[in-house]
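Right, one structure below, let's go through it.
The values are calculated or read from the model by the stated rules, or taken from the named source; none is laboratory data. Please read all numbers here as calculations on a predicted model, not as lab measurements. All Cβ positions, even for glycine, are placed from backbone atoms using ideal geometry, and neighbour counts span all protein chains on display. Areas reflect the complete protein model, heavy atoms only, side chains present, ligands, DNA and RNA absent. Shrake-Rupley method; radii C 1.70, N 1.55, O 1.52, S 1.80 Å.
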Amino acid sequence: MKYKIAVYAICKNEEKFVDRWVTSMNEADAIFVLDTGSTDNTVEKLKSLNVNVTQEQITPWRFDVARNKSLELVPEDYDICVCTDLDEVFESGWRQKLEEIWNEHITRLGYNYNWQLDKNNKPIVNFCIEKIHSRNNYKWTHPVHEILEYVGPEKEIKTYSNDITVNHYPDTKKSRSSYLPLLELSVKENPNDDRNVHYLGREYMYYQRWNESIDTLIKHLNLPSATWRDERCASMRFIARCYQRLNRPEEARMWLDKAIIEAPHLRDPYMEKALLEYSNNNWRSCKYLCLQALEIKAHPKTYINEVFSWDYTVYDLLSICYYYENNIDEALFYINKALEMAPKNTRLLKNKQIIENFKKLPK
């Protein structure tokens, strides 16, 4: 069945993404953009590509208000709305796949989101997002890290497609300075929202406000609604990072032990503790934790996963640990494993040379 599909987005000063984004989104019947104050050529470029653009400055700035205003641009007679950002790109054929799975009872669709990719376009961080939805009965909430909330009179009906994929190519130089005050506002508005309390604690960590981060993340852990083990584990890991920066390694170690108990199904707490032991030259403990991490084969599709849990890091650490234990054969095995994943890494290549030279020494 053919549905009437609209893409909607907010943007500001993103002219360098316009051509690629519009090409990707052109499978929709129409594209609607709320520009919130561009001073470059974003608006002109969008209009030249037949995008419906409305300009409005949101004061005071809130992402949820901007998202809702952009959704309001979509006429009521559209069946399906697709919310994206200009640094996101659908893999081609997404519309056909969407129409094949959608029906009149569905209100929302989850799909595949590659949040971070390597230089070869291979996913590093991948999870499910749910920003495709029916035209009515939805609104965006929260000043930042906004979420799409169902407000319809009947039950929300969700489905999922692993065949629809969006790739994220962010502008790493773009400022995120608005996030901290907006997160503080979000928590002030709803102090029992465990998700944003966790995000606020993480943001304090990014700003190196270690004690505030610890206090906020402990508050997250104490909220009755904070039941998702993966996120609780992340809060514990972040607390440990803060204690490390405060030169309190024993407390860091204690919180990482808690994190492992909280989510033993994840590699992340094992790898986080392995890195701590590595930094303290505790080769035996580091090796044990890396081997424990390698026992975990399932890579959950959540935003919580750390890149270092699934890249070459585990093999890198094992090669170093075995080297310092004078087990050169194992050191060489694991440095080769690391280089399979990062063949051009100069430090790994130098380490391999050191290991090979040691192996050649007379016994």
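One table, with the values for the structure above:
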quantity	calculated
Largest-first ordering by accessible area, 1.4 Å probe, given options Asp163, Asp35	Asp163, Asp35
Long-range amide H partners of Glu14 with built H, under 5 Å	Thr42
Anchor Lys297: lysines whose Cα lies under 20 Å away (excluding residues fewer than 8 positions away in-chain)	Lys122, Lys273, Lys287, Lys337
Filter on Lys119/Lys344; Lys4/Lys45; Lys97/Lys158 - keep pairs with C-alpha separation over 18 Å	Lys4/Lys45
When segment 9-134 is reduced to its Cα atoms, the Kirkwood hydrodynamic radius in Å	15.6 Å
Cα gyration tensor, segment 220-289 - rounded (a/c under 1.5), prolate or oblate	oblate
Qualifying trypsin sites (Lys or Arg not before Pro) in segment 69-169, DSSP loop, other Cβ atoms within 10 Å at most 11	Lys119, Lys155
Mean separation of Cα contacts under 8 Å (6+ apart) over length of the chain, as relative contact order %	11 percent
Net charge over other residues, Cβ less than 13 angstrom from the Cβ of Glu99 (K, R count +1; D, E count -1)	-2
Most to least packed among 295-301, 43-49 [average Cβ atoms within 10 Å]	43-49, 295-301
Largest to smallest accessible area among Leu266, Leu275 [probe 1.4 Å]	Leu275, Leu266
HN-Hα J in Hz across segment 46-56 - Karplus 6.51, -1.76, 1.60, θ = phi - 60°, x for Gly and Pro	4, 5, 5, 9, 6, 8, 7, 10, 10, 10, 7
Accessible-area value, Glu99, 1.4 Å probe, nucleic acids and ligands omitted, Å²	40 Å²
Distance between segment 213-289 and segment 161-192 - C-alpha centres, whole angstrom	23 Å
Unit charges on C-beta of K, R, D, E only; dipole of the chain, Debye	1400 debye
Pairwise Cα inverse-distance average, inverted: Kirkwood Rh of segment 116-271 (Å)	17.8 Å
In sequence order, calculated HN-Hα J values of segment 328-333 (Karplus, 6.51, -1.76, 1.60; Hz; x Gly/Pro)	6, 4, 5, 4, 5, 4
Exposure of Phe17 as accessible area (Å², to 10), given a probe of 1.4 Å and all protein chains	20 Å²
For His265, solvent-accessible area (1.4 Å; no DNA, RNA or ligand), Å²	80 Å²
10 Å beta-carbon shell around Glu149, net charge (K/R +1, D/E -1)	-2
Dipole magnitude of segment 1-98, debye to nearest 20 (Cβ charges: Lys/Arg +1, Asp/Glu -1, about Cα centre)	100 debye
Distance cut-off 17 Å, percentage of C-alpha pairs in segment 150-229 lying past it	62 percent
Dipole of segment 1-154, positive direction: furthest Cα of Asn13, Asn136, Val125, with charges on the beta-carbon	Val125
Spatial separation of Cα centroids for segment 22-86 and segment 301-354, in angstrom	44 Å
Global geometry of segment 131-176, whether rounded, prolate or oblate, following the gyration tensor of its Cα atoms and the 1.5 cut on a/c	oblate
Debye intensity ratio I(q)/I(0), log10, segment 246-338, q values 0.12, 0.19, 0.20, 0.23 Å⁻¹ (C-alpha model)	-0.36, -0.86, -0.94, -1.16
Value at 222 nm in deg cm²/dmol, rounded to 500, when DSSP H runs of n ≥ 4 in the chain each add -39,500 (n - 2.57)	-14500 deg cm²/dmol
Among Asn68, Asn211, Cys286 the positive-end extreme of the charge dipole of the chain (Cβ point charges)	Cys286
